[in-house]
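Worksheet: the structure to be examined is printed underneath.
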Amino acid sequence: MSTTNKEIGPPVIELGVMGWLRKNLFSNWYNSLLTISGLYLLYILIPPLVNWIFLDANFVGSTRDDCTNEGACWIFIQQNIKLIFYGLYPTEELWRVNFVYLILLISGIYLLIPNLKRKGWVGAFLLIIFPIICVVMLSGGLGLEAVETRLWGGLFLTLVIAGVGIVLSLPIGVMLALGRRSKLPVVSLLCTIFIEIWRGVPLITVLFMASNMFPLFMPEGVNFDKLIRALIGVMFFSAAYLAEVVRGGLQAMPKGQYEASQAVGLTYWRMMALVILPQSLKMVIPAIIGSFIAIFKDTTLVLVIGLFDFLGIIQFVGTNPDWLGFSHEGYVFAAAVFWVFCYAMSWYSQRLEKKLDTGR
Amino acid sequence: MSSELMIEMKNVHKWFGELHVLNDINLEINKGEKIVICGPSGSGKSTLIRCINRLEEHQRGNIIVEGTELTNDSRSIERIRGEVGMVFQQFNLFPHLSILDNCSLAPIWVRKLPKAEAKEKAMEYLKRVQIDDQAHKYPAQLSGGQQQRAAIARALCMEPRIMLFDEPTSALDPEMIKEVLDVMVGLAQGGMTMIVVTHEMGFAKEVADSIIFMDEGQIVEAKNPKDFFDNPESERTKTFLSQIL
């Protein structure tokens, strides 16, 4: 390289804040027009919103009389926070729910910190022992007072339904996807029928069936918990969608990967577990997380079978005569909480993708 | 060299739909023999070696590898795959695993070796193909020649008694072909039984005990290298040789 080449820098116009602005926002007359109208739109929308949510809002108080009606009245949320977060779960037993949250939080943080050892054990604990802890702690047993699931509600119920749906639907979905691609015609046919039936029915119908029709088929006296029935419905519904997502990933795998695995002597299940699934699941991470987010939001539909999830209970609280007229606050709060959870999943998926990228 | 029979193919036929891709193949390969198979594309040479480890299923005739006949019985297939290593044109390394893990995966899960031992042995073979310094990289970070040598090491880690090579240098840039061929020559000198589908005639001359020319699913000519190049009998062989030499 000669030195003269080094002396020629990039054109000044490309550099610095001005360069960036010129290049990205004002590169020609219609871009400039769009930029200016965009800024104007933000100017109209943002300040009133900020005023309503923060500046003019009421944060302290205990009754609706403390609300000045200029901005949002967050006292509404604050006063009903127990209902919104836990439903009708007995107040003196709330520590059990919080204990479960705490375990989840600690193990979650442990898994997120890079380079810690024994993450496999923590993962295994979360998948095998933690569910048992959950069942005992939340519904009772081993000396703990029983808490019927009809008392469960609010964000807590949403997390239970979404959590169980997400955790169980992925393995079922993977098995269904493998089954649908199986060389055995009976297996493949059964999986295809299962997937297409569940995918062809709206979730609301599934929930109605689980809640109203299912008991008709059961012998008299046998009574499944309504929540469990809803969980099973959500789980299979989500599994059917995931199965197709996973199948897409399996189909994108080059034939050479199957052949190389077979040539070194891996049996079908080892080939799938060690070579094919790690790669194909990685390819469809965005779609899998998309399904998870959809299921998380779809849990709001359990309202139709009389379970009061997060959104349901916010609507319910809004009908309390003491707090009529505060539904805006309720919905904005619900939207914010839903967004936080969904964005967290999305963020995690991007992180996972980066981490697993081996440059292919 | 003993004349222990390693692979025997008797009246093997295979069709892809209507297409007769293998037409009455008869072949006997002894321990330590090196066979090179060449022929125009579509002549069935890849299909032939892929039948030996059941990546393709033959429809008529018998294939016997080390005394075990290939049938639909999955145990016979597994046993044979354990004895037969394969190297592919497109390398087919596992992109989500490091080179070292690529090599130790099957020894750990198929041979049930302890992890440490499997990795130690993998390093040994990587050293033999001279990429032990790349062991912790991922396949995508290696050049084509390095990837193919890693793929050879991966096959060797299973300590196979037979090695199949399916056009191992066809996907490589010219300057990388030699490094792969050198590894293969070394392997041949070590006494490995090898079947190589390739158009590298220099390699064939140097290494092969016999060269097989295939066309339209049939073995047209099978001779030792000297006779194969100096007095080919069939017109098809002569035309083919005139085109590639």
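Any residue that is part of a helix (DSSP H, G or I), among the acidic types (Asp, Glu) and within 14 Å of chain B (Cβ to nearest Cβ) - is there at least one of those in region A:249-267?
Pass one, region A:249-267, residues part of a helix (DSSP H, G or I): A:249-251, A:255-263.
Keeping just the survivors that are among the acidic types (Asp, Glu) gives A:259.
From what's left, within 14 Å of chain B (Cβ to nearest Cβ): A:259.
Looking for residues that are part of a helix (DSSP H, G or I), among the acidic types (Asp, Glu) and within 14 Å of chain B (Cβ to nearest Cβ), one finds at least one in region A:249-267, hence yes.
When you scan region A:284-302, how many residues do you find that are surrounded by 18 or more Cβ atoms within 10 Å (Cβ to Cβ), among the hydrophobic types (A, V, I, L, M, F, W, C) and part of a helix (DSSP H, G or I)?
Summing the residues that are surrounded by 18 or more Cβ atoms within 10 Å (Cβ to Cβ), among the hydrophobic types (A, V, I, L, M, F, W, C) and part of a helix (DSSP H, G or I) in region A:284-302 gives 8.
Residue by residue through region B:223-237, note down the ones that are open to solvent by 70 Å² or more (accessible area, probe 1.4 Å) and either within 25 Å of the chain's Cα centre (by Cα) or of a type in the set (A, V, I, L, M, F, W, C) (or both).
B:Lys226, B:Arg236
In region A:351-360, which residue that is assigned to a helix (DSSP H, G or I) and open to solvent by 100 Å² or more (accessible area, probe 1.4 Å) is farthest from the other protein chains (Cβ to nearest Cβ)?
Here the residue is A:Lys354.
If I ask for residues that are more than 22 Å from B:Val196 (Cβ to Cβ), more than 9 Å from chain A (Cβ to nearest Cβ) and of a type in the set (A, V, I, L, M, F, W, C), which ones from region B:91-108 would you list?
B:Ile99, B:Leu100, B:Ile108
So which residues in region B:56-90 are out of contact with any strand residue (DSSP E or B) (no Cβ under 8 Å at 6 or more places or on another chain), facing chain A (nearest Cβ under 8 Å) and assigned to a loop (DSSP other than H, G, I, E, B)?
Passing the criteria: only B:Gln90.
Which condition number does A:Val206 fail, the rest of (1) open to solvent by less than 50 Å² (accessible area, probe 1.4 Å); (2) within 19 Å of the chain's Cα centre (by Cα); (3) β-branched (Val, Ile, Thr); (4) under 30 Å from A:Phe316 (Cβ atoms) being met?
A:Val206 satisfies all of (1) open to solvent by less than 50 Å² (accessible area, probe 1.4 Å); (2) within 19 Å of the chain's Cα centre (by Cα); (3) β-branched (Val, Ile, Thr); (4) under 30 Å from A:Phe316 (Cβ atoms) except (2).
Where residues in region B:124-141 are over 22 Å from the mean Cα position of the chain (by Cα) and surrounded by 18 or more Cβ atoms within 10 Å (Cβ to Cβ), which of them is farthest from A:Gly265 (Cα to Cα)? Spell out how you get there, then give the answer.
To start, the set of residues in region B:124-141 that are over 22 Å from the mean Cα position of the chain (by Cα) comprises B:132-138, B:140-141.
Add one more test, that the residue is surrounded by 18 or more Cβ atoms within 10 Å (Cβ to Cβ), and what stays is B:134-135, B:138.
Details: B:Gln134: 25, B:Ala135: 22, B:Tyr138: 22 Å.
This residue is B:Gln134.
Within region A:262-285, can one find any residue that is within 24 Å of A:Val160 (Cα to Cα) and either without any contact (Cβ under 8 Å) to a residue 12 or more places away in the chain or in contact with a helix residue (DSSP H, G or I) (Cβ under 9 Å, 6 or more places away or on another chain) (or both)?
Looking through region A:262-285, at least one residue is within 24 Å of A:Val160 (Cα to Cα) and either without any contact (Cβ under 8 Å) to a residue 12 or more places away in the chain or in contact with a helix residue (DSSP H, G or I) (Cβ under 9 Å, 6 or more places away or on another chain) (or both).
Those residues that are touching a residue at least 40 places away in the same chain (Cβ under 8 Å), in contact with an Asp or Glu (Cβ under 7 Å, 6 or more places away or on another chain) and more than 10 Å from chain A (Cβ to nearest Cβ), I need them from region B:135-168; list them, please.
B:Gly144, B:Arg161, B:Ile162, listed by residue number.
Run B:Asn26 past the list (1) in a strand (DSSP E or B); (2) more than 19 Å from B:Val12 (Cα to Cα); (3) out of contact with any Leu (no Cβ under 9 Å at 6 or more places or on another chain) and report the number of the one that doesn't hold.
Only one criterion in (1) in a strand (DSSP E or B); (2) more than 19 Å from B:Val12 (Cα to Cα); (3) out of contact with any Leu (no Cβ under 9 Å at 6 or more places or on another chain) is unmet by B:Asn26, namely (2).
If we scan region B:29-39, do we find a residue that is more than 14 Å from every other protein chain (Cβ to nearest Cβ) and in contact with a Gly (Cβ under 9 Å, 6 or more places away or on another chain)?
Yes, region B:29-39 has at least one match.
Give B:Arg81, B:Arg75 a once-over and let me know the one that is open to solvent by 30 Å² or more (accessible area, probe 1.4 Å) and within 30 Å of B:Lys137 (Cβ to Cβ).
B:Arg81
The values are calculated or read from the model by the stated rules, or taken from the named source; none is laboratory data. Please read these numbers as outputs of a predicted model, since none were measured by experiment. Note that each Cβ is placed from the backbone with ideal geometry, even for glycine, and that neighbours are counted across all protein chains shown. Note: accessible area is taken over every heavy atom of the protein model, side chains too, but ligands, DNA and RNA are not part of it. Shrake-Rupley method; radii C 1.70, N 1.55, O 1.52, S 1.80 Å.
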